[in-house]
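Colleague: Following this message is one structure expressed as structure tokens.
Values quoted throughout were computed directly from the atomic coordinates according to the rules given, and no laboratory measurement underlies them. Note that the structure is predicted; figures quoted are calculated from it, not measured. For neighbour counting, all protein chains shown are included, and Cβ atoms are generated from backbone atoms with ideal geometry for every residue, glycine included.
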Amino acid sequence: MADFPTAWFYIKSVCSKKVIQPLGGSFEPTRLVVVDQKFGQESAAQLWKHENGYLVNKLTNLCLDYEHGNYKRLGDIHGEL
């Protein structure tokens with residue numbers, strides 16, 4: 001997709017400037033994503049990339065997804081690609 005960067009990027013709130021990451025840097029699918037302060041220049045748990053239509057976390061290689069397609073609860077991470 002032309003709108004996504006090709007390199008790793010942060011998903012950051014415009015209002016709070018906080019970024020999203022897996023809860024506790026968990027490698028387990030279905031763990032919640034949390035909003036936290038941006039850590040360092042290259043915090044792998046907070047970096048994401050667009051890959052084949054998915055947003056993939058650098059640390060875990062898991063993708064960000066709605067819970068079972070429920071758009072009202074964004075924030076679960078599901079399985080490796």
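Colleague: Each residue of the stretch 46-52 in order: what ³J(HN,Hα) in whole Hz does its phi give by Karplus 6.51 cos²θ - 1.76 cosθ + 1.60, θ = phi - 60°, with x for Gly and Pro?
Modeller: Once θ is set to phi - 60°, the couplings for the stretch 46-52 become 9, 9, 9, 9, 8, 9, 6 Hz.
Colleague: Another one. Please list 51-62, 10-21 highest first by mean number of surrounding beta-carbon atoms within 10 Å per residue.
Modeller: 51-62, 10-21
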